[in-house]
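The structure appears right after this line, and notes come after that.
The values are calculated or read from the model by the stated rules, or taken from the named source; none is laboratory data. Quantities reported herein were computed from a predicted structural model and do not represent experimental measurements. Note: areas computed on protein heavy atoms with side chains; ligands, DNA, RNA excluded. Shrake-Rupley method; radii C 1.70, N 1.55, O 1.52, S 1.80 Å.
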Amino acid sequence: MACEVVVTDEAKEDLEAAVLYLTESLGAPAAAGDLLDAFDGFVAKVEAFPLMYPTARESRLAHLGYRKAALEGYLALYRVKGEKVYVAHVFHQSQDYARLV
């Protein structure tokens, strides 16, 4: 089942902020590139296999239908609705993302 992947504006901003942090604050452009490559790979995977990643463990997020994918120290939260995958957020793995959603 192939799906259309929609990256929300909020997820785009999250990803841009992570890349900016990695490149400018940490001086790690290679890590930023790795994150972008991982994100692109994630999008390709969920486009082809939308249920590939597990449902979020946090009960509230699971109830809302969120799934969670690990990406180079970051997490992508997404939901599948019909034939579309909505990437909602990208968080650093150390963030309390369940509280932030």
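Descriptive notes on the structure:
- Mean separation of Cα contacts under 8 Å (6+ apart) over length of segment 31-72, as relative contact order %: 43 percent
- Using every pair of separate Cα atoms, the Kirkwood estimate puts the hydrodynamic radius of segment 52-101 at 10.9 angstrom.
- Ranked order, 51, 100, 15, 61 - accessible area, probe 1.4 Å, largest first: 51, 100, 15, 61
- Where the chain is the region considered: accessible area per residue in Å², 1.4 Å probe: 58 Å²
- When nucleic acids and ligands are ignored and a 1.4 Å probe is applied, residue 37 ends up with an accessible area of around 110 Å².
- The accessible area of residue 34, taken with all protein chains in place and a 1.4 Å probe, comes to roughly 80 Å².
- Residue 58 accessible area, assembled protein chains, probe 1.4 Å, Å²: 50 Å²
- Percent RCO, i.e. relative contact order, over the chain, from Cα pairs under 8 Å lying at least 6 residues apart: 33 percent
- Distance from segment 4-34 to segment 51-82 (C-alpha centre basis), Å: 18 Å
- Convex hull per residue volume in Å³, alpha carbons only, for the chain: 84 Å³
- Protein heavy-atom surface of the chain, 1.4 angstrom probe: 52% of the accessible area is carbon and sulfur, with nucleic acids and ligands not counted.
- Between 0 and 90°, nearest 10: helix 29-48 axis offset from the chain longest Cα axis: 10 degrees
- DSSP bridge pairs, the chain: antiparallel proportion in percent, nearest 5: 80 percent
- Nearest-ten-degree value, helix 9-20 long axis tilted from longest Cα axis of the chain: 30 degrees
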